[in-house]
Amino acid sequence: MQQDSATRAQTPPAAAPPRGGGAGSRTRDPYFDNAKYLTIVLVACGHAWEPLTYGSRTVTAVYLTVYAFHMPAFALISGYFSRGFDLGPGRLRRLLTGVAVPYIVFEVAYTLFYRWAQDDPGYPISLLDPWYVMWFLVALFIWRLTTPLWLALRHPVPIALALAVLASVSPDVGGDLALQRVLAFLPCFVLGLRLRPEHFTRLRTRRARLAALPVGAGALIAAYALAPRLDAGWFYHRGSVAGLGAPAWAGAFTTPALFLLALLLTAAFLAWVPGRQLWITALGTGTMYGYLLHGFVIKSSRFWHWYDHPWLHTPLGELAVTAGAIAMISSLCTAPVRRVFRPLVEPRMAWAFQREAKGTTKGTAEITTEDTAKDTTENSTNKAQHIKAAQNTH
């Protein structure tokens, strides 16, 4: 299936940063739900800003800055909460019902929507060529299946980065299953597998937040300076570097450089994610719904030329577009929307699987596994208790 060229960026979703524990669990960490909400907001804003970048250098600078890290951040945090993934029946079942089945359902739904909106009944359905935002679910499915391999390797991050470099210099990689993107963002996922709770704890300090300020400001200034000349395609990873007009050998340098830039900006972003319970925390539990559904709104704005109104390309109009994108994605993450679309996003499918042991079935609407998140938090709690007990004995 041909990619829709009308949209300059095809980012993911949020499908999803992670949760810090099971639903209703006392050990649930609001920090990760807040991170999930803020990252899905960046996804929606990025998609909403894209038509505005053609006439505004300021919007382009913000757009480039966001695209430099928000997808790597998704991959990294998803990897962090995939550390406990194995090929056991329970986790495979949740991978199928939480990622594979929603991919099939919404890939077909998006294609049918395109046929209707564009009056193109012959537009083909192809599960091998993800349409628009659906590529991230393919990537997550592949990353999760290969997690045991990455956990077994001694130096997985350099190996994953080498694969990303090879993909960037290979023009033949990229069509089926969005393999170019799967490999390009793989190092971030694998790095997430290597992270531990203390790495995030170090970011949640006043010193880290202060250090993040010049990083963010520097990125925005650099993006503003480069905006007229920098092709945002460098951050999409939809094809090899040759497709961007660079020699193939350049991928050996640009891929590691973009990886390091993404990590720096991701750390700066995570340093400013609030760690306390806020009104956005509850919305962070429904980011999969926002991710899968917001693409219909974004595509509608392109199909029916909403951006043709000149006022939207003024500073006030750009702020209005931003506010509208935030309101739209927030509403799609709310409980009423989740209740309506739960059969599509969280299919139980008990009829398709052998019965699991009591207490093992969990919701699957998150990109990350709840049991892994809970294990991580409980391990941290046990470690703290062990240290405290040791201190009391001296």
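Quick notes
- Most to least accessible of Val62, Val273 (protein chains only, probe 1.4 Å): Val62, Val273
- Tail beyond 25 Å, pair distance distribution of region 33-160 (Cα, percent): 43
- Region 101-258, Rg to Rh (Cα coordinates; Rh as Kirkwood inverse mean 1/r): 1.03
- Dimensionless Rg over Rh [region 62-117; C-alpha; Kirkwood]: 1.14
- Counting 0.36 nm for each residue step from Ala327 to Arg202 and taking away their Cα separation leaves a gain of 41.8 nm.
- Residue separation of Phe303 and Ala257 scaled by 0.36 nm, minus their Cα-Cα distance, works out to 13.0 nm of gained length.
- Heavy-atom accessible area order for Glu107, Glu318, Glu198, largest first, 1.4 Å probe: Glu198, Glu318, Glu107
- A crude spin-label estimate for the pair Ala248 and Leu166, with each label 7 Å from Cα along the Cβ direction, gives 1.4 nm.
- If the Kirkwood radius is taken over C-alpha pairs of region 170-328, then at 25 °C and 0.890 mPa s the Stokes-Einstein diffusion coefficient equals 128 µm²/s.
- Lys, Arg +1 and Asp, Glu -1 on Cβ, resulting dipole of region 177-313 about Cα centre, debye, nearest 20: 480
- Cα→Cβ-extended label distance, 7 Å offset, between Val108 and Arg194, nm: 4.1
- Cα centroid separation, region 117-186 to region 249-311 (Å): 18
- The length gained by stretching the chain between Ala320 and Gln354 to full extension, at 0.36 nm per residue less their Cα-Cα distance, is 7.2 nm.
- Rule-of-thumb Rg ratio for region 118-193 [Cα; 2.2 N^0.38 Å; N residues]: 1.27
The values are calculated or read from the model by the stated rules, or taken from the named source; none is laboratory data. Here the structure is a predicted model, which means the values were calculated and not measured. Ideal geometry is used to build each Cβ from the backbone, glycine not excepted, and the neighbour counts take in all protein chains shown. Surface accessibility is based on the protein's heavy atoms, side chains included, excluding ligands, DNA and RNA. Shrake-Rupley method; radii C 1.70, N 1.55, O 1.52, S 1.80 Å.
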